[in-house]
Each structure stands twice: as C-alpha cells, then as structure tokens.
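Quick notes on the structure that follows.
The values are calculated or read from the model by the stated rules, or taken from the named source; none is laboratory data. Not measured: the values here are computed from a predicted model. Here the Cβ positions follow ideal geometry from the backbone for every residue, glycine too, while neighbour counts run over all protein chains shown.
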Amino acid sequence: MKQTSNKYKSISIIGSGLGGLSAAVRLAHAGCDVTVYEKNPTPGGKARSLEQNGFRFDTGPSLITMPFVINELFESVGENLADWLTLNKLDNLCKYFYPDGTLLNAYSDKEKFAAEIEANTTEKREALYKYLDYCKTIYELTADIFLFKDLYSAKTYSNLKALKTLFKLPKIDSFRTMNEANRSFFKDKKIIQLFNRYATYNGSDPYKCPATLNIISHVEYSIGGYYASGGMYSLTDALYRLALKKGVKFCFSSPVEKIITEGKSVNGILTGGKEILSDVVISNADVYSTYGKLLNDTKSSTAKKYNKLEPSSSALVFYWGVNVTSQKLDTHNILFSADYKKEFEELFDKKKYPTDPTIYIYISSKFSPGDAPAGKENWFVMINAPNCASPNAKAQMSNEKIRDIILTKIKALTGYDIKEKLETESIMTPQDIEDQTGSYKGSIYGISSNSRNAAFLRQRNMSKQYRDLYFTGGSAHPGGGIPLVILSGKITAEKIMNTK
Ligand SMILES: Cc1cc2nc3c(=O)[nH]c(=O)nc-3n(C[C@H](O)[C@H](O)[C@H](O)COP(=O)(O)OP(=O)(O)OC[C@H]3O[C@@H](n4cnc5c(N)ncnc54)[C@H](O)[C@@H]3O)c2cc1C
C-alpha cells in the first residue's frame, strides 16, 4: 500500500549516474527511504574510473563548469563541500593547437585571454569582450527558466524575469545558428572555430544549433572551468559517500528489468526476477530505454516522440598510458581539424567518423600525479563520433585506422611521437557507451540541441503519462553535462517532495 506522507516515501532510483545520486541525496535527507539500483558494480555511470597497469583514467567527463551547482547540493543537505571535495579553478581552460601551427591558450583570466587572442590571431581584444557580454546576456535571460527550474511548472513563468525572457526572444538569439552568430562577432576563422566548439558540450552541431547555446561560452569564460583534486571520479565518490551518509541504500550489479505498472501508475521495479514495490520510481536511465525496455511502451505518443528525436553525438575514447612527460601539453588540449564544417557534416549528416577529427586530450596526471607512474602520463584521447545508430559508423573506419589518424595528427601538431610510447590502451566506442551506461545509441547528452525547440522536447522530470514516475539525468530536463544532471536531480527531488 502506498504511503501518503512525503516523509515516508519509499523511492527506487534506477541508475547511479550523477543525476541519480543528486536526487538520492536530497530525497534521503528529506526523510525518504531511498534505494538505488545500478546495473554496474560501481557508481557514477559515465563518470566512473578505470585503472590499468598503474594508470588511472576518468572514463567520461573531465571538465567541471558551474561549480556553484555542486556547492548547492552539499549545502542543501547541511554539508560543507570543502569537507568532501576540493574544486580548483583552471588558469588555462584549454590549449588549442591549429593545423597551421598556431597555438592559443584559453586563459580563464579575460584580459590575459584577450591579449593571447590579439597576439596570435587577427582579432582585437574588444571583439572578445563584446562577445562575452553578449553570451552573458543570453545566460541571464535564459538560465533561470531553462536550467534551474522545472520547465513545466506554471510557477516558472509567474515571475517578471521569466516573462521578460519570453518577450525578448531576439536577445536570446534562437533564430541564428551558433556559427552564424559567432561569425557576426569575429572574422578570424580560428576564433570562430574555438567558440563554435562549445556546441559539442551538449553533443550538438554549431552549424545547426541555435546561437542561444552561446551561453556555454559564458559559463566557461565568465564563471570558470574547474577540476576536482584527484580527478573527476572524486566527484562521483564524494556524492556516493554523501548518499551513504544520508542513508541511501545501494544495490550494485542489479540491472532493473522492468518498471512495474498498474494501469497508468507505477508501483516499483523488477530486478533479479524479484519485484520491489515503492511509492515512487525515478529513472536515471536514458529516456529511450526507460520507455522501450523498462516500461515496454513503444506505442504511446511519448515513446513514439522520443524515437523520432535526433540523439546527441557520441564519442570514441582511447585511454592511453604514455611513457612521456609532455611539457607542451596542458591538462585540457584541443587539436583542431582543418575543416570544421566538414567534420560536423560527417558526424551528423553522413553519420560517419570524421576523416580529420578534432582531437581532445585530457591529462589528469598533470594535477593528480598518482594517476600515472612517475615520469609517465595518462592520456584520455577523445574524438566526436556519430551515435551508433548509424549503420555506417563502424564499417567506415576501424579503431585501428582512427588510432593511426590520431597518432599522426598528434605528432604533426604537438611534436610528440607517442606510437612507440603507448604502454597501455583501453578503448570506449559509442557502442560501449550504450552498453556500459544505457545511453541510447551511445549518445552522450540525450537528444541533440540541433533544433530551436530542443529544450521543450526533452523528457519532463515528472512523467505526464505515468503516476509516480520521475526522470533525472542527461536525457531529461534540463539536459546533459555535470551541472545540468545535478540540477535535474534537484528539480526531480523538489517535484517529488511537493507532490502530495
Ligand atoms: C566521453 C564523455 C565525456 C564527457 N565530458 C564531459 C565534461 O567534460 N563535462 C561535463 O559536464 N559533462 C561531460 N560529459 C557528460 C556527463 O558525463 C553526463 O552528462 C553525466 O555524467 C550523465 O549523468 P546521468 O545522471 O545522466 O547518468 P549516466 O551517467 O548516464 O548514468 C546512468 C546510470 O544508469 C544506469 N542504468 C541504466 N539502465 C539501468 C537499468 N536498467 N538498471 C540499473 N541501472 C541502469 C547506468 O549503468 C548508469 O550508471 C561527458 C560524457 C562522456 C561519455
């Protein structure tokens, strides 16, 4: 029999991704009886840890933005973040290597970055300041509605600021693409490419997604980019430990096979052939698999809607233990492609691996020496990949071929010839991302934001269709990326606490 008081609600959460952990911590603190069922043996979903031959790697996310979101989570449950986790601001957000040999450090200090741009490109510093002011305006107009609140609550629209947003649509720049907007601020192709790159922070295409996504540049340059001491897994571990402290129970290696329904109400979950009843079920699993596999609902209009939406891009990651100390590389590095437009056409239109991929290299051993043996480094090397929906993707290029392309490019742009210096290797393909985290077709950030109304197409946090079913995580509102999934957990927890 279901409880009626919020205080004693029993809650089953499917998945221990950061969104699931965020919801679990808040609900347990509020007095609910929370159990998390996770199919993997460890928590974190995309943000797990991999150890191999003395090297340690963060499996997925590497950059923390909007740290105040993490801080808020700890504060909201009466804890001090500093007692659990140390977040550090990056001086150099990313080191950019261009095919013509240009090097550019994206310093978090605005004046320093402006000087770097002026010294190495044809842009003037004023162009950067003007651009960042424009990005800030979009953030101020949209963040409250699109990131921090439940998009489907009447309350969200009841304050003056929210109304202003709706009426000032031109200011949020949703009618131009990101690339069109960036071209209107800058003439230098290298700077346009640099700011276009932020579309990839939610798995989208800068030549298609609305310029509203330029808020991401504001988030990175004006609020800052951060890393956690000990690497990204320290964040997962801190949230996991916090959840334990709050009384959350965890069942690992426990895939949920089904969400139990009675008519249009959910009653619990089925795992290991055993029915477990609860007042509320939260799915931190991907929306597609929640409808398709867990609810066995492929016919409803909602399920059909999700099947038609374009998933965000995926990634191919090589985890390399390298016998090198790379003075020339920083913690975060980008080796750009020569033709960015072509790269995105290949990814999103042709659905194939890029022939000249932009390469991202993240080296956590630069700030966390324990992540690699002395004198060596742990290179997380990632390229954008089409989601594994594409029957072409695998056939068109083998991992071996891509490895060769990457190694050749690293040598050409950075001077490091690491082919003979690879001591250990693991690979994560789009298919692995789907297998390991349940993400539909290996998409990293739920649906892509390539359409102007993507924000309104995401799964709402409280199901409209099934009573007592909620969603949190990258495929639900407000979307993917660490701060957003933590906010997603917050919105979901608040919804549950406020629903009688
Ligand atoms: C390669 C890569 C790089 C990234 N880089 C960044 C970055 O630098 N910065 C950033 O902010 N974000 C980044 N992201 C995105 C970020 O990692 C994700 O948005 C976020 O971690 C997703 O959290 P989530 O709550 O959606 O859960 P997920 O991480 O998707 O976890 C869902 C969990 O549910 C479990 N699950 C699914 N189905 C079931 C089932 N039936 N039964 C039980 N358990 C189930 C899965 O095993 C998984 O543990 C990156 C992601 C990847 C993959």
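Any idea which of G415, G442, G438 is among the small types (G, A, S), near the ligand (Cβ under 9 Å from one of its atoms) and over 25 Å from K208 (Cβ atoms)?
Values: G415 fails: near the ligand (Cβ under 9 Å from one of its atoms); G442 fails: over 25 Å from K208 (Cβ atoms).
After applying the criteria, what remains is G438.
Between V287, V324, the distinction of being surrounded by fewer than 22 Cβ atoms within 10 Å (Cβ to Cβ), of a type outside the set (S, T, N, Q) and touching a residue at least 24 places away in the same chain (Cβ under 8 Å) belongs to V324 only.
Among the residues of the range 424-454, those identified as assigned to a strand (DSSP E or B) and surrounded by 23 or more Cβ atoms within 10 Å (Cβ to Cβ) are M428, I447.
Identify, please: which residue in the range 5-25 is farther than 16 Å from G247 by Cβ and in a helix (DSSP H, G or I) and is, among those, farthest from the ligand (Cβ to nearest atom)? So that I can check it myself, show each step before the final result.
Step one: of the range 5-25, the residues farther than 16 Å from G247 by Cβ are 5, 14-15, 17-19.
Okay, now just the ones that are also in a helix (DSSP H, G or I), so 18-19.
Numbers: L18: 5, G19: 3 Å.
Of everything passing the filter in the range 5-25, L18 is farthest from the ligand (Cβ to nearest atom).
When I402, I491, I447, I482 are checked against the criterion of being within 21 Å of L73 (Cα to Cα), in contact with a Leu (Cβ under 7 Å, 6 or more places away or on another chain) and touching a residue at least 60 places away in the same chain (Cβ under 8 Å), a single residue qualifies: I482. Residues that are outside any loop (DSSP other than H, G, I, E, B), at pLDDT 95 or above and touching an Asp or Glu at 6+ places or on another chain (Cβ under 9 Å) do occur in the range 97-105, at least one of them. When the range 40-78 is filtered for residues that are outside any helix (DSSP H, G or I), surrounded by fewer than 19 Cβ atoms within 10 Å (Cβ to Cβ) and of a type in the set (D, E, K, R), only E51 remains. Given the criteria within 11 Å of the ligand (Cβ to nearest atom) and not in a loop (DSSP other than H, G, I, E, B), does A82 qualify? Taking the combined requirement at face value, the residue does not satisfy it.
Among residues of the range 289-321 being small (G, A, S) and assigned to a helix (DSSP H, G or I), the one that is nearest to the ligand (Cβ to nearest atom) is S289.
If a residue must be touching a His at 6+ places or on another chain (Cβ under 8 Å) and of a type in the set (A, V, I, L, M, F, W, C), how many such residues does the range 111-147 contain?
Let us first name the residues in the range 111-147 that are touching a His at 6+ places or on another chain (Cβ under 8 Å), namely 132, 135-136, 138-139.
Filter once more, keeping what is of a type in the set (A, V, I, L, M, F, W, C): 132, 135, 138.
Residues in the range 111-147 being touching a His at 6+ places or on another chain (Cβ under 8 Å) and of a type in the set (A, V, I, L, M, F, W, C): 3 in total.
What residue, of G247, G268, is in contact with an Asp or Glu (Cβ under 9 Å, 6 or more places away or on another chain), away from the ligand (no atom under 11 Å from the Cβ) and in a loop (DSSP other than H, G, I, E, B)? After ruling out the rest, the residue left standing is G247.
Quickly run through the range 26-39 and pick out the residues that are within 16 Å of the ligand (Cβ to nearest atom), in contact with a strand residue (DSSP E or B) (Cβ under 8 Å, 6 or more places away or on another chain) and either outside any strand (DSSP E or B) or within 18 Å of L294 (Cβ to Cβ) (or both). Working first, answer last.
Within the range 26-39, the subset within 16 Å of the ligand (Cβ to nearest atom) is 26-27, 34-39.
With in contact with a strand residue (DSSP E or B) (Cβ under 8 Å, 6 or more places away or on another chain) added as a condition, the list becomes 27, 34-39.
Residues satisfying the conditions are L27, T35, V36, Y37, E38, K39.
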